[in-house]
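Below: the structure, in structure tokens.
The values are calculated or read from the model by the stated rules, or taken from the named source; none is laboratory data. What you see is a predicted model; the values in this text were computed from it and never measured. Cβ: placed from backbone, ideal geometry, glycine included. Neighbour counts: every protein chain shown.
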Amino acid sequence: MARDEATGLLWMTQRRPTFHERVAATEAAALVSLAPQDLDERFPAQVVSTGLPFLLIPLCSLDAVRRARVDAGAHQGWRAHSAAAFQLVFAREAYDPRHHLNVRVFAHEVGMPEDPATGSANGCLAAYLVQHRYFGSEAVDVVVEQGFEIGRPSLLYLRASRLHSAGTGEGEPIHVRVGGRVWQIGEGQLLRPT
């Protein structure tokens, strides 16, 4: 992690993202108690991971984001065949017009109905935005609001871009950074067993 002294933001560089199964609109909608027409059909519901997999579900409106709730029965059925225990719903409409997206993250499986600020999930979202050219570009620099629906408003800053080298195209890696104004209480490094 690195702190930008000018802005006060602490930035975390995430692992190279991996893109997994795409999920039918009917199944994704059922997981979060919505109708298939609440999903933004221009983009897929998809499992993405930068270390921890999340099912990302693009929605049409802030109203749909507000109405989203995990359906426990649908979640149990989902977990029988997917490694992604958590869902992230998002829409381009936000409470504050200065923000680019509104996000909610459900962590029902670990006893947290909703998380107010999730760096790992938003890293997956940043990669997804680049992969699917959500804003029409292979680079994003956006402000995301999360936690507003549960009275714990948070802002996360996403920067991601496709790294082009000699080759070009979707096979090139995506570099992902997530920032926020947080108190750093620890730092660590994952090591492989010897």
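Here are the numbers:
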item: Residue check for residue 82: of a type in the set (Ser, Thr, Tyr) and assigned to a loop (DSSP other than H, G, I, E, B); result: yes
item: From 20, 75, residue being surrounded by 14 or more Cβ atoms within 10 Å (Cβ to Cβ) and outside any helix (DSSP H, G or I); result: 20
item: Count of residues meeting criterion [touching a residue at least 12 places away in the same chain (Cβ under 8 Å), small (Gly, Ala, Ser) and more than 10 Å from residue 58 (Cα to Cα)] in region 30-47; result: 2
item: Among residues of region 33-45, those that are out of contact with any strand residue (DSSP E or B) (no Cβ under 6 Å at 6 or more places or on another chain) and assigned to a loop (DSSP other than H, G, I, E, B), counted; result: 5
item: Residue list for region 25-48, filter: surrounded by 13 or more Cβ atoms within 10 Å (Cβ to Cβ) and either farther than 18 Å from residue 101 by Cβ or acidic (Asp, Glu) (or both); result: 25, 27, 29, 30, 31, 33, 36, 38, 40, 47
item: Output for region 143-164, where each listed residue is closer than 25 Å to residue 16 by Cβ and either part of a loop (DSSP other than H, G, I, E, B) or among the hydroxyl-bearing types (Ser, Thr, Tyr) (or both); result: 157, 161, 163, 164
item: Selection status of residue 48, outside any loop (DSSP other than H, G, I, E, B) and either of a type outside the set (Asp, Glu) or closer than 15 Å to residue 106 by Cβ (or both); result: yes
item: Verdict on residue 135 being farther than 19 Å from residue 38 by Cα and modelled with pLDDT of 95 or more; result: yes
item: Among the candidates 121, 160, residue that is out of contact with any Lys or Arg (no Cβ under 9 Å at 6 or more places or on another chain) and at negative phi; result: 121
item: Extreme residue, modelled with the lowest pLDDT, among residues of region 165-182 that are part of a loop (DSSP other than H, G, I, E, B) and of a type in the set (Gly, Ala, Ser); result: 166
item: Flag if residue 14 is in contact with a Gly (Cβ under 6 Å, 6 or more places away or on another chain), crowded, with 18+ Cβ neighbours inside 10 Å and closer than 20 Å to residue 124 by Cβ; result: yes
item: Out of 95, 157, sole residue that is crowded, with 18+ Cβ neighbours inside 10 Å, at pLDDT 95 or above and among the aromatic types (Phe, Trp, Tyr); result: 157
item: Of the criteria (1) of a type outside the set (Ser, Thr, Tyr); (2) surrounded by fewer than 21 Cβ atoms within 10 Å (Cβ to Cβ); (3) free of Cβ contacts under 8 Å to residues at least 60 places away in the same chain; (4) part of a strand (DSSP E or B), which one residue 55 fails; result: (2)
item: Considering residues of region 72-131 that are among the basic types (Lys, Arg) and touching a helix residue (DSSP H, G or I) at 6+ places or on another chain (Cβ under 8 Å) only, the residue nearest to residue 148 (Cα to Cα); result: 104
